[in-house]
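Okay, structure first, notes after.
The values are calculated or read from the model by the stated rules, or taken from the named source; none is laboratory data. The shown structure was predicted, so the numbers you read here are calculated from the model rather than taken from an experiment. No Cβ is skipped: glycine too gets one built from the backbone with ideal geometry, and neighbour counts run over all protein chains shown. Note: accessible area is taken over every heavy atom of the protein model, side chains too, but ligands, DNA and RNA are not part of it. Shrake-Rupley method; radii C 1.70, N 1.55, O 1.52, S 1.80 Å.
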Amino acid sequence: MELLSDAFVYLCAAVIAVPIANRLGLGSVLGYLIAGVVIGPVLGIVGSETTEVQHFAEFGVVMMLFLVGLELQPAVLWKMRKQLIGLGGLQVVGTTAVFAGIALAFGLAWQAALALGMILALSSTAIVLQTLNEKGWLKTQGGQSSFSVLLTQDIAVIPMLAILPLLAVGHAAGGSAAHSDGHGGHEGGGAHGGEALAALPGWAQALVIIAVIIAIIFAGRHLLRPVFRFIAEAHLREIFTATALLLVIGIALLMDFVGLSPALGTFLAGVVLSDSDYRHELESDIEPFKGLLLGLFFLTVGAGIDFNLLFGAPITIFGLALGLMAVKFALLFALGTLFRLDGPDRWLFALGLAQAGEFAFVLFGFASSSGALEQSLLQTMTLVVAISMLLTPALFILYEKVIAPRAASRSDREPDVVDSKGRVVIVGMGRFGQIVGRLLLTSGYDVVILDHDPQTVENLSKVGIRTFYGDATRPDLLHGAGVGEADLFIAAIDDRDKQTLVVEHVAKTYPKVKILARARDRHHVYELENVGAHVAEREVFEGALALGKQALVELGSHPFRAQTKAKEFRNHDFAMLDDLRENYNDGGVDKSYIDAMRAHAETLFDIMKVDRGEERHERTERGWNPPPKSDATLGLTPEGEETRG
């Protein structure tokens, strides 16, 4: 019954505190931390069992990294390589170096300084992404840059878990022993994997890590997929869930047996399975367990905070927390400037990522057990990290209430208030959108038009086309334009990436609205369709086809023959567009795509070369009137039968 009573206390704390924290804009992670503080240090409802519960709850982190790995498809990672390696890589490496240097200046050994620098380089993925989503900032330049850095940090956790055991300093043995004795979960029961690996020299540990990684990748590629296929054929959801949990727990046990981080193995397994047919099923089965265990983990972190230490040296603790945030802000602001982020986006990027992250709690525990950091330092830094996370909502409020309004006031004009509704909403009135808009308006339809260029808005108003000024990537403006009540949403933004983001947002937020989108090229058609567009039209195809038809006329073809050839080309191209869709993937083109392209090109060549040598003398003065059926230039007899001259 004691177990049930403890579970009841933790669940009550979560159910009460987390919804309140979300309503206050603090986020679920801070809600769990605050709830832990209340039931632990404040009310004393939980106490000695917290450490044991935390060991159990740490498995939520293992599951989280498995899910992170499932989302990181190799093709997607390759597509984002510039942002990940450039902006994200510089942030992780640069911040690690700066904090390691500061720690060295305070007298820490270089191993401990490097370990601390790596841990403090991370930011809170949970708090930042949740806030960016709630505020509608994720689609902005600052939000996308923040997402790239957070993704890089999540990936960087994996090598950090491998490096930390190699940074064990002189107090490693004692620290590790004390850690094991104090928690009781690792004593007795035979040899522990971590102890066995700790006895090996550094180079041997590295070899073990590489061997286990290779084994997991091989098993994921050649063994796990057939197993999931076999289980899926049973059509029993609970057995598939059991298999998913068996996979995660089994890999965790394997990694623990050899003394490595379970999170490392499950992350790699997730990456290996990221492009499998069962990825979404695995995500849906693991997600509930991950959420509950991760929430329990943060509850135990809050319950374990040493308030005696905080009250004993409040100036030191808060000074370290503010110093941490100031240093990270300065580094992030400099990186934003280097990568040419706009003013408000640079501020959002720097303020949003200025805190330490939830992974710090995980890595602190791992660094303690491996002997990389002393326990006394960890107690202080746990408080510092928690305070920096608690202060993060205040930074977002500062951006929203002070910085963003000032940035908007410095622009040429503020977004217009959309005071009309229509059956159609068009965003983007460039060379493409203007044609669509004029066609619909002159046909008598009510159309709401948004564009982000003040000059375009002014010019259109002069010719009687009412256009509202505003950035269509802002969800609040789209909502104000009445997208939810419209029949059609037409996306015609010039910028390719923004166009895709807007289409994706509307498809997810307003599923009943039919989306017609402007595409840059064939690949963009596929991208837009993948994110939710119902129809995607290439912006230059018809114009280029009309120009090519005129070129045939100028070179001597009869206008009717040129029209026929253009029609044949158009029909073939649309057929090719449908056929190549099966060979296209988000990562771009592969051999099957190129082979299909070559086959279609050869077919088109055969279609278009018919009577090719007889067209030089076909030009007449009959203009667009088709020549008589007996005209030799068409290659047809009066009965309509094709000739071969």
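Annotations for the structure displayed:
- Within the range 283-308, residues that are free of Cβ contacts under 8 Å to residues at least 40 places away in the same chain and open to solvent by less than 20 Å² (accessible area, probe 1.4 Å) reach no partner that is of a type outside the set (K, R) and assigned to a helix (DSSP H, G or I) with beta carbons closer than 6 Å at six or more positions or on different chains.
- Selection count where residues are closer than 21 Å to S145 by Cα, open to solvent by less than 50 Å² (accessible area, probe 1.4 Å) and in a loop (DSSP other than H, G, I, E, B), scope the range 322-377: 7
- Which numbered condition A407 misses (of (1) part of a loop (DSSP other than H, G, I, E, B); (2) at pLDDT below 80): (1)
- Unique residue being under 22 Å from R518 (Cα atoms), in a loop (DSSP other than H, G, I, E, B) and open to solvent by less than 40 Å² (accessible area, probe 1.4 Å) when the list is I426, I493: I493
- Every pair of residues 6+ apart whose Cβ atoms lie under 7 Å, when the first sits in the range 437-452 and is under 24 Å from R474 (Cα atoms) and small (G, A, S) while the second is open to solvent by less than 100 Å² (accessible area, probe 1.4 Å) and modelled with pLDDT of 80 or more: G437/I426; G437/M429; G437/V447; G437/I449; G437/I465
- Qualifying residue in the range 191-210 (condition: modelled with pLDDT of 80 or more, under 36 Å from the mean Cα position of the chain (by Cα) and either open to solvent by 50 Å² or more (accessible area, probe 1.4 Å) or of a type in the set (F, W, Y) (or both)): no
- Check on G312, out of contact with any Cys (no Cβ under 8 Å at 6 or more places or on another chain), farther than 19 Å from L129 by Cα and in contact (Cβ under 8 Å) with a residue 24 or more places away in the chain: no
- Total residues in the range 467-497 satisfying the condition of being charged (D, E, K, R) and free of Cβ contacts under 8 Å to residues at least 40 places away in the same chain: the figure is 3.
- Contacts under 9 angstrom Cβ, first residue in the range 240-254 being surrounded by 21 or more Cβ atoms within 10 Å (Cβ to Cβ), partner not in a helix (DSSP H, G or I), 6 or more apart: A244/Y278; L247/L273
- Any hit, the range 539-551, residues being surrounded by fewer than 19 Cβ atoms within 10 Å (Cβ to Cβ) and basic (K, R): no
- Taking the listed residues F366, F349, the one that is under 22 Å from the mean Cα position of the chain (by Cα) and touching a residue at least 12 places away in the same chain (Cβ under 8 Å) is F349, with no other qualifying.
- For the range 443-457, a residue qualifies if it is modelled with pLDDT under 80 and open to solvent by 90 Å² or more (accessible area, probe 1.4 Å), and exactly one does: Q455.
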